[in-house]
Structures are given as C-alpha cells and as structure tokens.
Amino acid sequence: MTQRKRALITGITGQDGSYLSEFLLEQGYEVHGLIRRTSTFNTDRIDHIYVDPHNPQARLFLHYGDLTDGTTLRRILEEVKPVEIYNLGAQSHVRVSFDSPEYTVDSVGMGTLRLLEAIRDYQQRTGIEVRFYQAGSSEMFGKVQEVPQTETTPFYPRSPYACAKVYAHWQTVNYRESYNLFACNGILFNHESPRRGETFVTRKITRAIARIVAGTQKKIYLGNLDSKRDWGYAKDYVRAMWLMLQQEQPDDYVIATGETHAITEFLDLAFTHVNLDWHDYVEFDERYLRPAEVDLLIGDPAKAKKQLGWEPSVTFEELVHLMVDADLQALGLASPNGDGSTSLDNAYIRHNVGSMVD
Ligand code: NAP
Ligand code: GDD
C-alpha cells in the first residue's frame, strides 16, 4: 500500500486552517496541525473532523507548538515528516497589530523564518523534499502603487502586520533562490466565510444582523466604512494554496476575485437580505479606526487562472448571503429563503451555536 501524503498546517485552528484540513483530508492526505496551548478550547473550527488518534481511521493529528518557539517547530518536523507545509499561523488582525506590533512581527515575520530554517535543515539532512506554502496577504500592497494589483506590483505595507508579511514574503523567495526550496507565496486578498473570526468586519456585520433579528442587539459600532476590499470565499482560496504546491515549479500567485466593494456595499446587501436598512443600526466608533488605512484593494488573478486553472466559484452577493444565513441559522433563526439550510457550513455551525464572542 502506498503511504498517504502527509501535510503539516500551522494555524490549523483558524478559518483557513479548518477549510484546508477538510480539503486535504478529502484528497486523501494525513493532516497534522500545530495548535497553541490555550486556557480555553481553541479547536471549535476543527472539532467536527477530529477523530481520536487511537482510532485506526484517524487522519488528523494535532501537536502543541507555537511559531514563536523554533525548537518545537524542529521537533514537530522530525516527528511528522511532512511533504507539504502550509504556514497559515499568524496574529492576523491588522488593527490589533498596531497594539501588539512586537508579538505580531514575531509570529508573522520571525515565525516564518523559524519554519523556513527548520525546513532547510531537515531537507539537507534527510534529502526529503518539503514543499512550503506561505500565507501572504494583499495587505502587503497597502498604499497601492498600481490598480489592479498583480504579482509584480510593488509592496507598500501600512501596518506592523503588513510589514511582517512583506518580510515573510521575501524570506520565502530568498529560501527558494538560495537553497532550492520548493517555496511558494500566495498573495491572498480578503476571503471570508461563516468561520471568519468574529472581529473582522464582514463577520462582525453578519453576526450583528443575526442578533438584531433575534432582538438581542440594537446597534453595531464600526470604524471606517469607505475602504474597499476584494472579498472572496475562503473555501475557494484554500484550494488555490494546494494547487500552488502541486505545480512543477514553485512560484508566487495573487489570489483574488478581481472585483472590489466598499464596506457600505457589504452592509447594503447584508441588511437588505433580512429586509432591514443598515442606516438604522450602524453607529460610528473611532476605536475601530487604524493609525494608517488601506483604502483600496483589488487583485488581478490572471496568473492563477492561467497557470493553476483557479477561479473563484462564489460571487460577492452569494458570499454575503451565505454568511448572513449561517449566522441566522447559528441562532436557530430561519434564513430568508425559508428552508433554513442555505449554509455550506452546517457541521461547523452545529458545533458553534452559543460559542461566539465579541
Ligand atoms: P485566523 O482565522 O486569524 O487564524 C490564525 C491562526 O493562526 C489560528 O489558528 C491561530 O491560533 C494561529 N496562530 C496565531 N498566533 C500563532 C502563533 N504564535 N503560533 C502558531 N499559531 C498561531 O486567520 P485566517 O483568516 O485563517 O488566515 C490564515 C493565514 O492567512 C494568516 O496567516 C493570515 O494572516 C493570512 N491571510 C488571511 C487572509 C484572509 O482574508 N483571511 C488574507 C490574506 C492572508 P488560535 O486559534 O489559537 O488563535
Ligand atoms: N475589523 C474591523 N472592525 N474593520 C473595520 C471596522 C470594524 O469595526 N469598521 C470598519 N472596518 C474596516 C477596516 O478599517 C478595514 O478598512 C476594513 O474594514 C476591513 O477590515 P478587516 O475585516 O479587519 O480586514 P483587513 O482587510 O484589515 O485584513 C484582513 O484581510 C487581509 C487581506 O487583505 C485580515 O484577514 C488580514 O489577516 C488579511 O491579510
């Protein structure tokens, strides 16, 4: 019997980590994930796919570790012997990165370097090729130098988070060129889902709508509504990560929808979906402003389409609606189409009713 391909995912408990795990399990992989030791459970997003490791059917295994702890990364690499590594772990909130710049840069920038070093050493000693995916971000374009943004658009980062991602990006290129590592940068534009962290703007809105409909929340407080983002569906984006590591040569790719929308458009679609007018519910709160803002992001996914055959499968309107429906469903409320089952994430939602926090 041929051995299953083994993948290691940092950030497996996050939005993308959970979708990528499901995707790789479907592809027949054995999946290993790095999880942080926390005082409360942090595996909500993957509980539905976790099987006790003693069960012979188990193909998902979790290991305690942290991107700020290089020794553990090396040990896990030795134990797991993965052939693909997806580096998704990060303090990923842009606003928070202004409050915690050192930690953000340590986990996002230095964390990537620690992992690359561990891989270089492991590959040199064992001769086993490890393919590496780095979770790069459209935030690296920041104050955009070109519209739309492509793989060759110069970076102009506008936050500690984005600066750290630029560092991680160039280290990934550098390890590819210096040590012949199969290392790819995905430059992913915003991607959302019902599993999106509750403090990112899309999910904050859809979750608030469900509570407003349920009568447990009256207002939603937001910051800058003028910025524009290229929003796609997270499930589509994890497929792109995998495709990058299946190519003959390592390369860097922009993953985006090619459309941009203002936050007010998201509000319009989301509130109208439940027959409400967002102007009656949204209040401004300066706490959500950032010291420097990224005003406009719009990516050109032409290279990914041509070389990876990748295209987004969910439109902006569908994305907004599926997120609103999922949050309504999580509170036991029927979605507007009446059948209460529009969500693509039913298993996850069942696991999370009542466990969401501000
Ligand atoms: P997310 O939901 O915030 O998940 C982040 C993951 O990183 C969580 O599993 C978190 O663990 C883990 N993590 C945080 N600090 C860590 C550390 N010091 N060591 C190890 N793990 C750590 O993020 P996401 O939306 O899934 O995004 C995945 C990756 O893509 C991130 O690197 C993000 O920066 C990048 N990205 C995201 C987008 C997007 O729109 N979603 C776009 C471009 C790039 P806990 O669960 O314990 O907190
Ligand atoms: N989070 C948040 N909360 N953002 C708000 C709010 C609010 O109350 N009000 C307005 N915004 C605006 C932000 O100022 C920003 O312009 C926009 O909404 C989107 O903010 P986020 O949803 O927090 O996402 P982001 O674009 O800053 O960062 C996300 O996408 C990046 C890719 O471009 C994160 O997932 C990053 O990790 C990712 O790299």
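What follows is calculated from the coordinates using simple rules that are stated; it is not laboratory data. As the structure is a computational prediction, the values presented were derived from the model and not from experiment. Every residue, glycine as well, gets a Cβ built from its backbone with ideal geometry; the counts of neighbours run over all protein chains shown.
Among the conditions (1) of a type outside the set (S, T, N, Q); (2) over 30 Å from GLN145 (Cβ atoms); (3) within 10 Å of ligand 2 (Cβ to nearest atom), GLU283 misses just one, which is (3). Here GLY136 meets the list (1) out of contact with any Phe, Trp or Tyr (no Cβ under 8 Å at 6 or more places or on another chain); (2) within 10 Å of ligand 2 (Cβ to nearest atom); (3) part of a helix (DSSP H, G or I) almost entirely, failing just condition (3). So which residues in region 78-106 are buried (at least 21 other Cβ atoms within 10 Å of the Cβ) and either of a type in the set (Lys, Arg) or away from ligand 2 (no atom under 14 Å from the Cβ) (or both), if there are any at all? Those that are buried (at least 21 other Cβ atoms within 10 Å of the Cβ) and either of a type in the set (Lys, Arg) or away from ligand 2 (no atom under 14 Å from the Cβ) (or both): PRO82, GLU84, ILE85, TYR86.
The set of residues in region 154-166 being assigned to a loop (DSSP other than H, G, I, E, B), surrounded by 19 or more Cβ atoms within 10 Å (Cβ to Cβ) and either touching a Phe, Trp or Tyr at 6+ places or on another chain (Cβ under 7 Å) or of a type in the set (D, E, K, R) (or both) consists of PHE155, ARG158, SER159. Give me the residue from region 32-77 that is surrounded by fewer than 12 Cβ atoms within 10 Å (Cβ to Cβ) and over 24 Å from ARG196 (Cα atoms) and, out of that set, nearest to ligand 1 (Cβ to nearest atom). Only one residue fits best here, namely THR71. Residue check: THR199 meets all listed conditions (1) within 12 Å of ligand 1 (Cβ to nearest atom); (2) over 25 Å from TRP310 (Cα atoms); (3) in a helix (DSSP H, G or I) but one, namely (3). Every condition in (1) surrounded by 15 or more Cβ atoms within 10 Å (Cβ to Cβ); (2) within 11 Å of ligand 1 (Cβ to nearest atom); (3) not in a helix (DSSP H, G or I) holds for VAL144 except the one numbered (2).
Restricting to region 112-125, and then to whatever is in contact with a helix residue (DSSP H, G or I) (Cβ under 9 Å, 6 or more places away or on another chain) and of a type outside the set (A, V, I, L, M), can you tell me which residue is surrounded by the most Cβ atoms within 10 Å (Cβ to Cβ)? Selected residue: THR112. Just one residue in the set THR199, THR172, THR206 is over 30 Å from LEU331 (Cβ atoms) and hydroxyl-bearing (Ser, Thr, Tyr); that residue is THR172. Among the residues of region 204-251, write down those that are hydroxyl-bearing (Ser, Thr, Tyr) and within 14 Å of ligand 2 (Cβ to nearest atom). Matches in region 204-251: THR206, TYR221, SER227, TYR233, TYR237.
Listed by first and then second residue, the pairs with beta-carbon distance under 7 Å, at least 6 apart or on different chains, first residue in region 294-308 and touching a residue at least 60 places away in the same chain (Cβ under 8 Å), second of a type in the set (Lys, Arg) and part of a loop (DSSP other than H, G, I, E, B), are VAL294/ARG158.
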